[in-house]
Amino acid sequence: MFVLITYDIKIETKADQKRLRRVAKLCQNFGQRVQNSVFECQIDSVNLRILKHELCKTIDINRDSLRFYYLGKNYKNKIEHIGVKSVRDINDPLIF
């Protein structure tokens, strides 16, 4: 399934910055960053459950927020991009 994950981490201390980097790294392990706090993930239900569990352990639920947008399998006609920063289709093969 295709899931859009967004987060907002309140940053006031070095520990907060570390938490922000950890959240970003977790999301990057499962998808691609399309904006600063926005990741597109092509992910199955098992890995999504793992990712959500790890993210929930990482954030401070009294100060931070996570949002998951479930776009399903027919997500391509639900996404419109305008402007610079184009991203690769996460289903395309990587060729180096």
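The values are calculated or read from the model by the stated rules, or taken from the named source; none is laboratory data. Model, not experiment: these values are computed from the prediction. Cβ atoms come from the backbone with ideal geometry, glycine included; neighbour counts cover every protein chain shown. These accessible areas exclude ligands, DNA and RNA; they are computed on the full protein's heavy atoms, side chains included. Shrake-Rupley method; radii C 1.70, N 1.55, O 1.52, S 1.80 Å.
Structural remarks
- When only the Cβ of Lys, Arg, Asp and Glu is charged (+1, +1, -1, -1), the dipole of segment 1-88 relative to its Cα centre reaches about 180 debye.
- Taking θ as phi - 60° and the Karplus parameters 6.51, -1.76 and 1.60, the scalar couplings of segment 55-65 work out to 5, 5, 6, 8, 6, 9, 5, 8, 10, 10, 9 Hz in sequence order, x denoting glycine and proline.
- In Å², nearest 10: area of Arg33 left accessible to a 1.4 Å probe: 90
- Positive minus negative residues near Glu12 (Lys, Arg vs Asp, Glu; Cβ under 13 Å): +2
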